[in-house]
Amino acid sequence: MNVPLIAGDKQWTLHFGNKARRLAERELKRPITTIGEQVGATEMTVLLWAALQKHHPGLTIDDVDDIIDAAGLDVVAEALGKAAEASLPKAVADSGESEQNPPKAGTGTSS
C-alpha cells in the first residue's frame, strides 16, 4: 500500500515493500528489525529514501535530506510508520480468532 507524504509544495509516495526493506538493510548494513524504537537521523533518512524508491527512483540521500527538512521529522516519522504498517500482512478477523498456518491439529469434528 502506498502512503502519501507532503513536503513543502510537493507530494511524495512511500511504499515500504520488500525492495525498500532490502535497500534499507543494504545501506544501514544491518537488518531493519534491529533498529527498534530509537531511530536516529541516519536511520530515518535511509528508511525514507528506501520507501521512496518504488515511485521516485533515482532520489539520492541528499534529496531525501531536503524532503525531511521540508516535511518535518514528526510528519516523516508518521508517514514511515504508516508505510511500514501497510506493508505487513493483515490479521484474519473471523469471529475474533486468528487463522493459524498451518491449522492446529485436532480442530475438526470427531469421526
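Across the range 1-90, C-alpha contacts under 8 Å between residues 6 or more apart give a mean separation that, scaled by the residue count, equals a relative contact order of 40 percent. Spacing of the modelled spin labels on LYS90 and GLU37, each 7 Å from Cα toward Cβ, amounts to 2.9 nm. Arranged from fewest to most other beta-carbon atoms within 10 Å of their beta carbon, VAL39, VAL64 become VAL39, VAL64. Of the residues PHE16, GLN38, HIS55, the one whose Cα sits farthest toward the positive end of the charge dipole of the range 10-56, with +1 on the Cβ of Lys and Arg and -1 on the Cβ of Asp and Glu, is HIS55. Look at LEU28, LEU14, LEU80 and count the other Cβ atoms within 10 Å of each Cβ; fewest to most, that gives LEU28, LEU80, LEU14.
Read-outs throughout are calculated quantities, based only on the coordinates presented, and are distinct from any laboratory measurement. Worth saying up front: this structure is predicted, and the values here are computed from it rather than measured. Counting neighbours? That spans all protein chains shown, and the Cβs are built from the backbone with ideal geometry, glycine included.
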